[in-house]
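Trainee: Mind having a look at this structure? Questions to follow.
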Amino acid sequence: MSFKPSSVVPPLTRPQLSEARRVRAAELFGQGHSNAEIARMLEVSDESVRRWKRVWEENGADALRRRPAAGRPPKLDDAQVERVRDALEQGAHAHGFEADLWTLERVGLVVERVTGVVLSRASVWRLLTGRLGWSLQRPERRAVERDESEIARWVAHEWPRIKKGR
């Protein structure tokens, strides 16, 4: 497989577009344009331009660039997540569970065994749905005694007879 660069430039995401506006505003501040002119050119509010200019004057153009998301770093790094993925793909039976179904509690136990990290139920859910891309699957509820041939016979013979009796 070879990689060929696309001639089509993908559209900017909303955060990228916002950053581009702020950076352009910084260039325009440097050129001496008024706040009102910049607001018109960039199609933003006067208040946004005033706020950006305050930041630009205090900290420079780099202060108008996007910053990485704040907050606590994830408990599991990418290598640990891949080890968890490999373990979960082996199935629940491989980890000593009777039924081959994953629950949040079971996944939490496997995460703890594989990585040594204890996660809350909410964190296990975020791991499964966010980082692993798994989705909720519910098993079909079906009686063990269910007999498909008997059901087909009943629908073909008994149901029409009962329906006629009305």
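Trainee: Of (1) of a type outside the set (Phe, Trp, Tyr); (2) over 21 Å from Asp86 (Cβ atoms); (3) in contact with a helix residue (DSSP H, G or I) (Cβ under 9 Å, 6 or more places away or on another chain); (4) exposed (fewer than 10 other Cβ atoms within 10 Å of the Cβ), Ser120 satisfies all except one. Which?
Mentor: Just one mismatch for Ser120, condition (4).
Trainee: Please determine whether any residue of the stretch 64-77 is farther than 30 Å from Arg22 by Cβ and exposed (fewer than 15 other Cβ atoms within 10 Å of the Cβ).
Mentor: Yes: one or more hits.
Trainee: A follow-up question, please. Which of the residues belonging to the stretch 11-31 are open to solvent by 80 Å² or more (accessible area, probe 1.4 Å) and not in a helix (DSSP H, G or I)?
Mentor: Pro11, Leu12, Gln31
Trainee: Check Arg85 against each of (1) surrounded by 10 or more Cβ atoms within 10 Å (Cβ to Cβ); (2) over 28 Å from Pro139 (Cβ atoms) and name the one condition it does not meet.
Mentor: Here Arg85 clears every test but (2).
Trainee: On the basis of being over 16 Å from Gln80 (Cα atoms), assigned to a helix (DSSP H, G or I), open to solvent by 50 Å² or more (accessible area, probe 1.4 Å) and charged (D, E, K, R), does Glu105 make the cut?
Mentor: yes
The values are calculated or read from the model by the stated rules, or taken from the named source; none is laboratory data. Predicted model, so just to flag it, every value in this text is computed and none were measured. For neighbour counting, all protein chains shown are included, and Cβ atoms are generated from backbone atoms with ideal geometry for every residue, glycine included. Surface areas here come from the heavy atoms of the whole protein model, side chains and all, with no ligands, DNA or RNA. Shrake-Rupley method; radii C 1.70, N 1.55, O 1.52, S 1.80 Å.
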